[in-house]
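The values are calculated or read from the model by the stated rules, or taken from the named source; none is laboratory data. Remember, it's a predicted structure, so these values are computed and weren't measured experimentally. Cβ coordinates were reconstructed from backbone atoms using ideal geometry, including for glycine residues, and neighbour counts include every protein chain displayed. Side chains are part of the model used for accessible areas, which takes the heavy atoms of the whole protein and leaves out ligands, DNA and RNA. Shrake-Rupley method; radii C 1.70, N 1.55, O 1.52, S 1.80 Å.
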Amino acid sequence: MEEKRIKEIQQRADKLLREQRLKQALETMGEEIDSLNNWELRTHYTEMQTAYNYMLEYMSKGMPDPDRSQLHRRLIGKAYLFNDEIAATRLAENSISVYCQMRRKYKNDCAIAQYHEKLREHSMNMALMRMMPTDNATAIKELSKRHEQESGELFMRIWSSGAWNRSRQQEAEDMLGDFEVDINDKALMISAITISLFKIFDPTKAILLTQAATHEEPAIAQRALIGLLMVLFIYSHRIEYYPELQKSIEALSETAGFERRLLVAQIQLLRSRETQKIDRKMREEIIPAMLKNPNLRNNKLGIDLEKEILDQEDKNPEWEAWLEADGIKNKLDEMAQWQTEGADVYMSTFSHLKHYPFFNEMPNWFRLFDINSPTFSSIIPTEESKKNLLKTLFASKFFCNSDKYSFCFTLQQIPEEQRNMMAQQLREQHGDGTLTPDTEIPSIPRKVEEELQGNQYIQDLYRFFKLSSFKMEFTDPFSLSLNLLEKRETATLLQNPESHLRIFRHLMQKEYYSEAATIGAMIEKNGAEESCDAQFHQEMGYCKQQAGDYDAAIRYYQKADIIKPDTLWTIRHMAQCHRMKRDPKGALPYYLQAEELAPDNRAILLQTGECLVALKRYDEAFSRFFKAEYHAPQSKRAWRAIAWCSFMVDNHDRARSYYEKLLATPERTMQDWLNAAHVELVTHNNGKAIEYYRKAAVLCKDYEEFGNNLMADSKILAAKGISTNDLILIRDIVS
């Protein structure tokens, strides 16, 4: 109960600060200060309250103060930090969360400089020991364990630390700039700073991320950039209160290539939304379909199977028929497209492989994968060629660091003989390795490396917040939109209209139509004429159409038609919108225009005919339906249209003939049985009609649904001599 009360007071003060009600916010914080035995916090609180009271007093006396507005904003910024620190200190006294345990254990002392020296010494000793001619495997393993332990301790200290001062920031900068410190240690520190900011906002740590985002090592630079973007999005309402942070962000935005990197990172963050959809589709469709085939069941890990099929190399001819018949080929083609786009397709595969003790330590979720880690000494082959093949596998752009660790731990559970067989298979696919033990996979262009590192890091973060035992310590950032253009404070980072258009089209492609339309409106407002071409207006119209705003959709389609007239796609969609508005009269001119552009298009013929039926122009409709049937003699849609239209003009023999053809097919529907029953009813063949009505009722959810469907046609049937009372009796007979 005490923990809940502390959080409620913190949230109350935060809300007041968002409303710039500083006096009430300070009074709210004062409730907690009295219960804290912390003289440092009490002193800061008193100083802040005194400064604000003086400012109010000077204003009440009419004393000029050109810096009043700036001082007010600075005090609000400090109050935000103070509110967070009070809550964290109070929770550390009462909560059993891991975060609070670390606060108590390390007493807000990062000791970065001390760990910097230790980690540098470890890295140098490791390099020396590997250069020695004698076998130092045991000593290297022991040193590596101490190294990982101390880097993990630094991670936990940083994560649980409060706001930093300039001295602490300098210590972190020194460590990042030290080339003798292992890159893994630096990357781990960046992740610790990031998730520390997810707990408590600190502009000094955020400034450090802006500086690290230009680091020469892509792994560090991308971690810093992605972490910074997520933090700025979460705390967008606070940015304006920290001018030093704003200046640092501006300096970062002026660096070479920043706009490109920012756009790539934004698309990657938006793409992470698809992970849950892909995961569900993998679990419910793709993997179950693959497991139906006995030829595929021997793949224990389910990792390379998809690639093997997609490569179309040396396939069993029997598989091809199975793939086509079961629809799995289309599913695998879709997965290949996801991979090409950089989507996270392995979440479902590896989500069950995070139970190893390794993942019980928070820092391990963020470590860069190191195949030379002694942790894996039992599974790494001694032969150079086999070792290099595994190095090639683990350099895969499709696996994030966390999944590579999972894969290695899983390999440890497999007998050596099977591991050797897997290595042999890899050898046959990739050829003999030519790399030496100490060389890395051949380098790739920095732009590509940045994109790969960013994508993998987002996947690592996603797994941490979705799968780790520590996820309850945080508010999941991936539950947010992470769309920088959504908020004024972060939208200023993306100034290029081309970036806006790219994000607009990504969101549209992924079916976030309302969100895409909002960005499209921003593009229009900014007057980016080069972006507002016919395609843009088509896309905006489509977004509005999908959102059900048909009037707005028509306006955009009309703009597209002006810019690029007589485009079949545009004309058809204008017709669709009118039709969805129940306006067949407005739709018909567009359908007729579409007919002129594509006179033999079966879908257009049918749509035009259906529109004519709604206008009771049956003879004109028949000509379209029969033409559509001529082009596709087995078209069930054409049969249904001809049958219903014949019924409406009292050509009962033709209507019966077409309904009989429909009812003889596996594709027959409830509506087919119902309409066929109507034909029999109006021709006084009541026995047949009741039989068909019963068939229709079986395909309804219940008899109430059947009754509703039956009565919906009462006006049409009344015009043909069937009273409403007759329908009521039929409803009772069938039920």
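Brief remarks follow.
- Per residue convex hull volume, Cα atoms of region 135-269, in Å³: 124
- DSSP-loop trypsin sites (Lys or Arg not before Pro) across region 89-142, with at most 15 other Cβ within 10 angstrom: Lys107
- Distance between region 558-600 and region 65-115 - C-alpha centres, whole angstrom: 61
- Kirkwood hydrodynamic radius (C-alpha pairs) into Stokes-Einstein, region 230-285, 20 °C and 1.002 mPa s, D in µm²/s: 155
- Protein heavy-atom surface of region 176-247, 1.4 angstrom probe: 49% of the accessible area is carbon and sulfur, with nucleic acids and ligands not counted.
- The residues of region 198-284 expose, per residue, 32 Å² of accessible area to a 1.4 Å probe.
- Two-site FRET efficiency, Arg488 against Tyr703, from Cβ-Cβ distance with R₀ of 51 Å, rounded to 0.05: 0.40
- Ser623 accessible area, 1.4 Å probe, all protein chains in place, Å² to nearest 10: 60
- For region 582-589, 3J(HN,Hα) computed residue by residue from phi via the Karplus equation (6.51, -1.76, 1.60; θ = phi - 60°) reads 6, 10, x, 5, x, 6, 4, x Hz, glycine and proline entered as x.
- Using the Cβ-Cβ distance between Leu663 and Ala632 with R0 set to 22 Å, the FRET efficiency works out to roughly 0.70.
- Max-minus-min Cα coordinates of region 616-720 on each principal axis give 38, 31, 21 Å, with the largest extent listed first.
- The alpha carbons of region 531-667 give a radius of gyration and a Dmax of 16.7, 57 Å, in that order.
- Region 632-735: chymotrypsin sites (Phe, Trp or Tyr not before Pro) in DSSP loop, at most 15 other beta carbons within 10 Å: none
- Asn526-Arg74 FRET efficiency (beta carbon distance; Förster radius 30 Å; 0.05 resolution): 0.40
- With all projection directions averaged, the alpha carbon convex hull of region 1-98 covers 6.6 nm².
- Heavy-atom accessible area per residue - region 1-159, 1.4 Å, Å²: 58
- Set Lys199/Lys466; Lys277/Lys510; Lys145/Lys466; Lys404/Lys466; Lys688/Lys720 screened for pairs whose C-alpha atoms are more than 21 Å apart: Lys145/Lys466
- Apportionment of accessible area to carbon and sulfur, region 598-735, percent (1.4 Å): 50
- Computed from backbone phi, the HN-Hα couplings of region 605-617 come to 4, 5, 5, 5, x, 5, 5, 5, 4, 4, 9, 6, 9 Hz, rounded to whole numbers (Karplus: 6.51 cos²θ - 1.76 cosθ + 1.60, θ = phi - 60°; Gly and Pro given as x).
- Placing unit charges on the Cβ atoms only, positive for Lys and Arg and negative for Asp and Glu, gives region 549-660 a dipole magnitude near 260 debye about its Cα centre.
- Net +/- balance of residues flanking Asp202 in space, Cβ distance below 11 Å, scoring K and R +1, D and E -1: +2
- Estimated inter-spin distance, Lys720 and Thr475, nm [label 7 Å along Cα→Cβ]: 6.1
- Student exercise, region 1-69 dipole from Lys, Arg, Asp, Glu Cβ charges, in Debye to nearest 20: 280
- Cross-link check: pairs Lys7/Lys354; Lys15/Lys107; Lys4/Lys107; Lys15/Lys186 evaluated at a Cα-Cα cut-off of 26 Å; pairs beyond the cut-off: Lys7/Lys354; Lys15/Lys107; Lys15/Lys186.
- Residue-wise HN-Hα coupling along region 92-99, computed from phi with Karplus coefficients 6.51, -1.76, 1.60 (Hz; x: Gly, Pro): 4, 7, 10, 9, 9, 5, 4, 4
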